[in-house]
There are 2 protein chains.
Amino acid sequence: MTVKVPVVRDILEANEQLAEDNRRVFRDAGLFVINLMSGPGAGKTSLLERTIDALREEIRIGVIEGDIQSSYDAERIGQKGVQVVQLNTGGSCHLDGNMIKSSLQALDLHQLDLLMVENVGNLVCPAAFNLGEDMKAMLLSVAEGDDKPLKYPRMFQESRVLIINKIDLLPYVDCHVGKMRERALQLNAHLEIFEVSCRTGEGLSPWFDWLRRQVRDRKAEVDGTKT
Amino acid sequence: MTVKVPVVRDILEANEQLAEDNRRVFRDAGLFVINLMSGPGAGKTSLLERTIDALREEIRIGVIEGDIQSSYDAERIGQKGVQVVQLNTGGSCHLDGNMIKSSLQALDLHQLDLLMVENVGNLVCPAAFNLGEDMKAMLLSVAEGDDKPLKYPRMFQESRVLIINKIDLLPYVDCHVGKMRERALQLNAHLEIFEVSCRTGEGLSPWFDWLRRQVRDRKAEVDGTKT
């Protein structure tokens with residue numbers, strides 16, 4: 001007797017259901033939700049810090065920090081005085097719908113406009129697990145090199161936004177941003193691309209404007225549904 | 001009726017068996033084998049290029065290149081005229097014992113002294129899968145930040161060697177190498193640490209000397225067994 005065990009598909013299907021549950025909760029709260037992904041040390045937490053500093057007076061921002069262990073990033077974000085919760089995956093290399101679901105009770109979603117989820121630093125698996133977000137955004141540091149789209153294609157395909165970070169390092173690294181953009185756009189022609197330095201602040205204004213627009217559109221959508 | 005399905009442990013146990021098979025093959029060939037791990041873009045391929053350039057006249061080096069897809073890295077290494085095989089994991093975020101086993105037929109192991117396996121760029125899962133290597137070595141770029149040991153502890157615990165790369169960028173990034181070293185050593189007091197720049201070549205000599213010693217010791221060991 002043989003037993004059929006289609007494990008991987010089941011995990012992804014079960015995750016899809018949980019992501020759908022989360023999506024409904026986010027919609028009910030009128031929230032715009034971003035799933036922020038990158039390899040380790042590309043600058044996700046620094047981008048969050050810069051974004052909170054720039055937008056906190058106009059947009060109520062909440063953060064879910066995903067890490068294998070430690071609460072280092074949540075402490076950094078907590079110093080900004082916004083709602084934040086640390087999720088420890090206990091070894092898992094990505095967040096999933098269930099982890100997000102279990103973390104939501106720690107947040108007052110109705111007091112938020114924008115929820116940013118910082119995924120585990122990993123250019124591979126996070127791209128395969130929906131969390132219920134409105135869109136995925138990824139960071140890539142110029143220090144990682146312009147060949148990364150060739151080698152980690154799925155994350156570029158799943159993302160709506162690519163933030164090329166650490167452009168202040170361009171004079172000191174062998175990275176051609178034009179090539180990086182071209183390779184990313186070949187994988188996903190709809191990518192919205194921002195070139196920034198979270199260290200110097202260069203290039204961040206268009207990203208802030210883009211975020212403002214997403215939150216405003218969500219609000220308009222929610223108001224439209226109500227009337 | 002309930003069925004017990006201890007999947008994860010089984011996978012790791014099965015992998016351990018395959019790694020053991022590989023280890024036996026490597027020993028028979030008198031090879032020293034390193035499993036090279038890091039996050040994306042930390043400089044694994046550049047380190048391999050530098051190492052081959054420095055040691056090719058004295059040590060016969062072979063390379064297994066692990067990537068999700070593409071043969072970009074193997075082509076880079078192939079230009080050095082050494083034995084190289086590209087392994088595509090087809091989505092998996094790490095190499096495992098079986099992948100290595102299946103790639104060995106593409107190499108003439110008895111014509112090699114040193115086999116370097118470049119794992120998929122990922123600071124998480126590669127640390128959990130033995131390949132049959134003599135030791136794991138990891139790279140960390142200073143551009144990734146000095147907090148990485150706190151957040152990705154297992155890789156530091158499993159590695160015998162930590163190569164801190166891109167030290168030429170230190171004047172331009174917020175990274176304290178002393179703190180990075182201290183945090184890494186707290187996780188693993190036996191780590192052999194090298195500070196290098198694969199771009200400028202700085203700091204690489206001690207790494208080459210260390211590799212020479214490992215290969216020489218393996219040869220002495222094999223000769224000792226024969227007599």
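Read the figures in this text as sums done on the coordinates, not as results from a lab. Please read these numbers as outputs of a predicted model, since none were measured by experiment. In this analysis, Cβ positions are derived from the backbone assuming ideal geometry, glycine residues included, and neighbour counts consider all displayed protein chains.
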Response to the item:
Across segment B:170-213, the tally of residues that are buried (at least 19 other Cβ atoms within 10 Å of the Cβ) and part of a helix (DSSP H, G or I) stands at 5
Fill in: Filtered residues of segment B:211-223 (kept if under 23 Å from B:ILE164 (Cβ atoms) and touching a residue at least 24 places away in the same chain (Cβ under 8 Å))
B:LEU211, B:ARG212, B:GLN214, B:VAL215
Worksheet, complete the sentence: Taking segment B:57-80 and keeping residues under 19 Å from B:LEU31 (Cα atoms) and surrounded by fewer than 17 Cβ atoms within 10 Å (Cβ to Cβ) leaves B:GLU57, B:GLU58
Worksheet item: What pairs can you find where one residue is in segment A:57-75 and within 14 Å of another protein chain (Cβ to nearest Cβ) and of a type in the set (Val, Ile, Thr), the other is crowded, with 22+ Cβ neighbours inside 10 Å and part of a strand (DSSP E or B), and their Cβ atoms are less than 9 Å apart, with a gap of 6+ or different chains?
Response: none
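Results for (1) under 17 Å from the mean Cα position of the chain (by Cα); (2) assigned to a loop (DSSP other than H, G, I, E, B), shown as yes or no for each residue.
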site: A:ALA42; (1), (2): yes, yes
site: A:THR51; (1), (2): yes, no
site: A:VAL63; (1), (2): yes, no
site: A:GLU75; (1), (2): no, no
site: A:VAL84; (1), (2): yes, no
site: A:LEU87; (1), (2): yes, no
site: A:GLY90; (1), (2): no, yes
site: A:HIS94; (1), (2): yes, yes
Worksheet item: Would you pick out the residues in segment A:119-161 that are closer than 28 Å to A:GLU13 by Cβ, away from chain B (no Cβ under 11 Å) and either out of contact with any helix residue (DSSP H, G or I) (no Cβ under 6 Å at 6 or more places or on another chain) or not in a loop (DSSP other than H, G, I, E, B) (or both)?
Response: A:GLU133, A:ASP134, A:MET135, A:LYS136, A:ALA137, A:MET138, A:PHE156, A:GLN157, A:GLU158, A:SER159, A:ARG160, A:VAL161
Discussion item. Looking at B:LEU104 and the list (1) in a helix (DSSP H, G or I); (2) within 14 Å of chain A (Cβ to nearest Cβ), which single condition is not satisfied?
Written reply: (2)
Discussion item. Looking at segment B:162-173 only, could you name the residues that are of a type outside the set (Asp, Glu), out of contact with any strand residue (DSSP E or B) (no Cβ under 7 Å at 6 or more places or on another chain) and either at the interface with chain A (Cβ under 9 Å from one of its Cβ atoms) or on the phi > 0 side of the Ramachandran plot (or both)?
Written reply: B:LEU169, B:PRO171, B:TYR172, B:VAL173
